[in-house]
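Sharing a structure below in structure tokens format, with a few things to ask.
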Amino acid sequence: MADTARPPTRQLLPREQRQASILRAAARAFGRSGFAGTSMEDVAAEAGISRLIVYRHFGSKEDLYRAVLEQVRSRIRERMNPALEEPTPGEYPFRPLIEVAREYPDAFRLLFMHAAREPQFAEYAQASRTGGVRLAEDIIGDIVGDSIADSTLRTWATHTMVGYIFECLLSWLEVGDPARDDEFVQRATMGAVAVFSVLSGIANPEEWPPQL
């Protein structure tokens with residue numbers, strides 16, 4: 001008897017859900033192969049749809065890449081602004097950031113790892129860096145206030161702190177168990193205080209952990 005089973009039909013999603021699905025697929029594809037090495041066909045295949053459907057939602061590959069970056073940046077702002085206004089001791093900034101990273105892991109990596117290597121998206125990398133510096137300045141202000149008179153030392157320590165914050169997040173996103181995110185937040189926060197206090201000269205490196 002001939003097989004009369006019909007092939008599965010593609011699921012019709014509301015426009016907003018379809019766009020979200022495409023953005024997630026695009027983040028995976030761009031993160032794997034880079035902007036130049038990824039085609040709209042690659043994104044469509046990753047999303048399990050046709051290229052025509054991708055173009056219905058995004059006019060070009062560059063528009064799509066920017067949309068991925070804008071989505072995760074917007075989500076970071078949504079989570080960080082309330083946390084900044086009423087920070088929870090021992091959790092800011094790592095708690096809101098790791099939550100966004102878990103929600104959009106591929107887009108988070110794209111923003112903080114891959115975008116800097118793509119000339120078309122240099123402004124996003126620079127904006128992320130600038131935002132990171134402001135974030136580090138906020139944290140440092142909470143830790144030491146204006147007690148560091150040496151502006152060069154404070155600036156150096158601040159920029160070093162930026163690297164620490166995002167490397168902590170990216171490496172934990174890669175190897176960490178989501179069930180241990182509470183532990184990550186605690187340890188990363190303690191590490192931020194320790195790193196800055198030693199770099200800035202508040203604590204003696206021979207005294208571990210630093211005493212504030």
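For residues in region 33-66 being touching a Phe, Trp or Tyr at 6+ places or on another chain (Cβ under 8 Å) and part of a loop (DSSP other than H, G, I, E, B), which is farthest from E118 (Cα to Cα)?
Here the answer is T38.
Could you grab me the full set of residues in region 188-211 that are at pLDDT below 65 and not β-branched (V, I, T)? Steps first, answer last, please.
At the first step, the residues of region 188-211 found to be at pLDDT below 65 are 202-211.
Across region 188-211, the qualifying residues are A203, N204, P205, E206, E207, W208, P209, P210, Q211.
Related question: Right, A116: out of contact with any Cys (no Cβ under 6 Å at 6 or more places or on another chain), closer than 25 Å to T158 by Cβ, surrounded by fewer than 21 Cβ atoms within 10 Å (Cβ to Cβ) and of a type in the set (G, A, S) or not?
On the way: out of contact with any Cys (no Cβ under 6 Å at 6 or more places or on another chain): yes; closer than 25 Å to T158 by Cβ: yes; surrounded by fewer than 21 Cβ atoms within 10 Å (Cβ to Cβ): yes; of a type in the set (G, A, S): yes.
In short, yes.
Name the one entry in V162, V175, V185, V193 that is surrounded by 18 or more Cβ atoms within 10 Å (Cβ to Cβ) and closer than 30 Å to S21 by Cα.
Numbers: V162 fails: closer than 30 Å to S21 by Cα; V175 fails: surrounded by 18 or more Cβ atoms within 10 Å (Cβ to Cβ); V193 fails: closer than 30 Å to S21 by Cα.
Testing whether each residue is surrounded by 18 or more Cβ atoms within 10 Å (Cβ to Cβ) and closer than 30 Å to S21 by Cα leaves just V185.
Please go through region 61-92 and give me each residue that is at pLDDT below 95, hydrophobic (A, V, I, L, M, F, W, C) and buried (at least 16 other Cβ atoms within 10 Å of the Cβ), ordered by number.
I76, M80, A83
Which of (1) modelled with pLDDT of 85 or more; (2) closer than 30 Å to A67 by Cβ; (3) aliphatic (A, V, I, L, M) does A179 not meet, given it meets every other one?
(2)
Taking the condition of a type in the set (K, R) and at pLDDT below 95, does R117 pass?
Working: of a type in the set (K, R): yes; at pLDDT below 95: yes.
Yes.
The values are calculated or read from the model by the stated rules, or taken from the named source; none is laboratory data. Please read these numbers as outputs of a predicted model, since none were measured by experiment. When we count neighbours, we look across all protein chains shown, and the Cβ atoms used for this are built from the backbone with ideal geometry, even at glycine.
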